[in-house]
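The values are calculated or read from the model by the stated rules, or taken from the named source; none is laboratory data. Since the model is a prediction, treat every value here as computed from it, not as a measurement. Counting neighbours? That spans all protein chains shown, and the Cβs are built from the backbone with ideal geometry, glycine included.
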Amino acid sequence: MQDDAEKVSRAWGEVYTNHPEAYRIRRPHQIGRLAHNDFHRLLTSLGLPQPATTLEAGCGSGRDSLFLASRGHRVTALDVHSEPLAHLADAVEAYNAHHEVIEIDRVQADIFAAPFPDAHFDLVFSSGVVEHYPEPATRQALLAEMARLTKPGGHVVVAIPNHAHTLEPVWAWLIHRFTDHDDYDMPEQPISVDALSREIAAVGLEPVTAECIDAWDTLGRYPSFAPCRAASSLATRFLPQPPVAVRRHWGTRIIVVARAS
């Protein structure tokens with residue numbers, strides 16, 4: 001398990017070194033626009049205390065943390081690498097230049113051994129993290145740590161890519177052909193909605209929502225042309241919840257929301 005985790009950590013370090021700008025938040029002062037996206041709409045519909053204590057486990061750019069902080073929550077962003085945390089600090093400064101001042105606690109630490117006491121957060125979430133660990137035991141260890149940190153009655157939220165998407169083979173070929181993605185040793189595991197729910201339930205959490213989200217991102221995911229992104233944004237704003245059949249076949253991400261006992 002330790003080798004599995006260290007391999008992924010090294011690979012992400014190489015990504016941050018080679019693509020430092022890719023993990024900066026674009027237009028952080030406009031972070032409120034994310035309220036129309038499926039993931040952020042789900043987070044804000046959980047009935048969290050105001051303010052809630054929240055932890056993003058493996059924050060990357062920290063975009064989701066910045067969104068929650070802009071909603072008045074007490075946010076901690078954790079990552080094992082210093083580069084994304086530094087970018088997030090810049091984003092908070094840029095946000096504060098236009099809005100009421102917010103703060104985000106930025107913690108550089110291992111997500112498998114987070115330096116917080118048990119039952120410390122109302123919400124612990126991750127996006128684009130779990131799928132990078134090929135060993136089920138490693139994923140279970142990460143999910144168990146997220147469960148440990150969550151207060152009874154609080155929520156754990158996990159989002160991962162939907163590799164069963166109809167266009168996934170096309171996107172995979174394009175990414176292989178036109179990016180350096182294959183240079184980094186962290187392939188994404190094709191985990192289904194049901195499989196992720198089972199893994200989350202196995203650490204003592206109660207899944208309450210399990211579905212595909214971000215169906216309209218299909219329009220502009222890759223290649224990321226401006227007109228396609230605009231169409232995706234408009235569809236998300238004016239038809240935020242497409243029919244279940246559309247979400248099932250075209251959702252670009254999987255999300256499971258679970259409650260801690």
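In region 68-87, the residues that are at negative phi and touching a residue at least 12 places away in the same chain (Cβ under 8 Å) reach residues that are among the aromatic types (Phe, Trp, Tyr) and assigned to a strand (DSSP E or B) with C-beta atoms within less than 8 angstrom, at least six apart or across chains, in these pairs: Thr76/Phe121. Scanning region 239-261 for residues that are part of a helix (DSSP H, G or I) and modelled with pLDDT under 80 yields a total of 2. Checking the stated criteria, Asp64 turns out to be in contact with a Ser or Thr (Cβ under 9 Å, 6 or more places away or on another chain) and either aromatic (Phe, Trp, Tyr) or not in a strand (DSSP E or B) (or both).
Yes or no: region 196-214 includes at least one residue that is of a type in the set (A, V, I, L, M, F, W, C), free of Cβ contacts under 8 Å to residues at least 24 places away in the same chain and either more than 30 Å from Asp122 (Cβ to Cβ) or surrounded by 14 or more Cβ atoms within 10 Å (Cβ to Cβ) (or both). Within region 196-214, none of the residues are of a type in the set (A, V, I, L, M, F, W, C), free of Cβ contacts under 8 Å to residues at least 24 places away in the same chain and either more than 30 Å from Asp122 (Cβ to Cβ) or surrounded by 14 or more Cβ atoms within 10 Å (Cβ to Cβ) (or both). Residue pairs whose Cβ atoms lie under 6 Å apart, sitting 6 or more positions apart in sequence or on different chains, and linking a residue in region 129-143 that is under 13 Å from Asp3 (Cβ atoms) to a partner that is surrounded by 23 or more Cβ atoms within 10 Å (Cβ to Cβ), are Tyr133/Arg139. Among the numbered conditions (1) under 22 Å from Thr179 (Cβ atoms); (2) of a type in the set (Ser, Thr, Tyr); (3) surrounded by 18 or more Cβ atoms within 10 Å (Cβ to Cβ), the only one that Thr17 does not meet is (3). Filtering region 87-106 to residues that are under 27 Å from Ala11 (Cα atoms) and surrounded by 15 or more Cβ atoms within 10 Å (Cβ to Cβ) leaves His87, Leu88, Ala91, Val92, Ile104, Arg106.
Hey, among the residues in region 124-181 that are among the β-branched types (Val, Ile, Thr) and part of a loop (DSSP other than H, G, I, E, B), which one's surrounded by the most Cβ atoms within 10 Å (Cβ to Cβ)?
Restricting to residues being among the β-branched types (Val, Ile, Thr) and part of a loop (DSSP other than H, G, I, E, B), the top hit is Val129.
Residue pairs whose Cβ atoms lie under 9 Å apart, separated by 6 or more positions or on different chains, with the first residue in region 1-26 and farther than 16 Å from Leu85 by Cα and the second in a helix (DSSP H, G or I) and of a type in the set (A, V, I, L, M), are Met1/Ala137; Met1/Ala141; Asp4/Ala137; Ala5/Ala141; Ala5/Leu142.
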